[in-house]
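Notes follow once the structure below has been shown.
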Ligand code: CMX
């Protein structure tokens, strides 16, 4: 019996009545707004938000009963894969093409977003403006974000001492999750809510918390690194430098090449539409009106899982073990194949490969590969990574389980970091987290601006599902 025949006919007919042509731009880059010269992001948002609210109100009024998806039993048991049940305005993932930030691909962002003078990689500050407004910012608009983040970057004393008191053996991601949650001590949203703020102003306080959060993420992340692996000392930020350069310096890396790598890294890890674990968790927790710190802290806890962001750590561990076992010299494809098979036969995943949505090589992998071809073509680990790119997809295809045998973002990032001397692989997911803050914060601002309600999908038991299916089959057979 087809699924469609089990769908309530009244819903189907209501939907088809509503089926009229809808004009949608292929990539509505500026969402129909005129670009503005406003150099203040909040001022620009004050212009953009009412237009979007109006657009969505009309859209929902006209099409609210339109059926946009059907759900199979397999999907209910299978991690809700592919079910359309969320709205995230900031980015969209195509299985074949990869991520687009507000309609722009990664190569387009690399080309169009402002850079530092003489630089080639986009500034993450510019990407944040793009994700929030839907518009490519000018150099002045980008600088306004840099200046604002620099001016809000002070880490509260209680977070400093919290970080100092953690044992060095506590995983960097656990430290990050805890420190970000503790920022909620100063949440402007939580305070305003407590004082009875009107719903219409939620986004403004979420915006303030988001800007404070993004300003402080690098300083927290750098302190974790310096405390665990170095001498705990940290340089002050230089207000003349951008977010990535200051973060690099606070970590202890002072070279222009490292800054450029960091700009690329912090741009490409920011957003991957709304359904991935870190983005969705942040969005979900935010829907309960938990402030941006608590929401993003929960998202970071999800990022710390090995099937999600921790995979960048796992990749480097896997590569290190491979070299321990097979030696540092170049080995044949055949030897690599055997090693990959030994991982699979041990019931483990090959980290950095596969994806829940993507069905081609991740463009975030490709741009890191291109960066490596330009800056470190002869690095032995990069050469090994390239060789594995030729071998792993074939083995995974032969293995026959994974729907996507191609590499994801995590298959490459550790190679770059290690080349530049950031060798502590347990720390890698923290860098992913700093970047992911950009996408999660942009989404939270819009979720509050659009008045999204608390999330509450329906769950069933196996027993109740059996009954539901039996009843629908019975009803369908009677017709
Ligand atoms: N190595 C071995 N087996 C893999 C695999 C891989 N890289 N990728 C998928 N599979 C297996 C799955 O474990 C699953 O096996 P079972 O049927 O035994 O459960 C089967 O193939 C089907 O999985 P799928 O539908 O292709 O993939 P999912 O949507 O379930 O999972 C992902 C996606 C990313 C968790 C999975 O591909 C994976 O575990 N990859 C390795 C870890 C990784 O790189 N994660 C990072 C993803 C990017 C990120 O979020 O940062």
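Rule-based calculations on the coordinates, nothing more; no lab input. The model shown is predicted, which means the values in this text are computed figures rather than measured ones. When we count neighbours, we look across all protein chains shown, and the Cβ atoms used for this are built from the backbone with ideal geometry, even at glycine.
Things to note:
- Order of 343, 335 under a 10 Å beta carbon neighbour criterion, fewest first: 335, 343
- Kirkwood Rh in Å, taken over the chain so that all alpha-carbon pairs contribute: 24.0
- Gyration tensor over the Cα atoms of region 356-479: the corresponding equivalent ellipsoid has semi-axes (square roots of 5 times the eigenvalues, largest first) of 42, 25, 13 Å.
- The separation of region 229-301 from region 102-152, counted between C-alpha centres, amounts to 15 Å.
- Between region 450-479 and region 425-447, the alpha-carbon center distance in angstrom: 35
- Gyration tensor (alpha-carbon) shape descriptor, region 311-425, a/c threshold 1.5: oblate
- Distance between the 7 Å Cα→Cβ label points at residue 168 and residue 69: 4.6 nm.
- If R0 is taken as 30 Å, the Cβ-Cβ distance between residue 240 and residue 108 corresponds to a FRET efficiency of 0.55.
- Protection proxy ranking of 174-180, 232-238, 69-75 - average other beta-carbon atoms within 10 Å, highest first: 174-180, 232-238, 69-75
- For the peptides 467-479, 212-224, 394-406, the ranking by packing is 212-224, 394-406, 467-479, with the highest mean count of neighbouring Cβ atoms within 10 Å listed first.
- Helical runs assigned H by DSSP (4 residues or longer) give the chain a calculated mean residue ellipticity at 222 nm of -18500 deg cm²/dmol, each run adding -39500 (n - 2.57) before division by the residue total.
- The C-alpha radius of gyration of region 228-378, expressed as a fraction of 2.2 N^0.38 Å, stands at 1.27.
- Inter-probe distance in nm under a simple model that places probes 7 Å from Cα toward Cβ, at residue 402 and residue 323: 2.1
- Note on residue 232 and residue 458: their simple-model spin labels are 5.6 nm apart, each label 7 Å out from Cα toward Cβ.
- Distance-filtered residues of region 263-304 - backbone nitrogen under 20 Å, label point 7 angstrom along residue 82 Cα→Cβ: 273-277
- Working ranking of peptides 151-157, 109-115, 78-84, 414-420 by packing, defined as the average number of other Cβ atoms within 10 Å per residue, highest first, is 414-420, 109-115, 151-157, 78-84.
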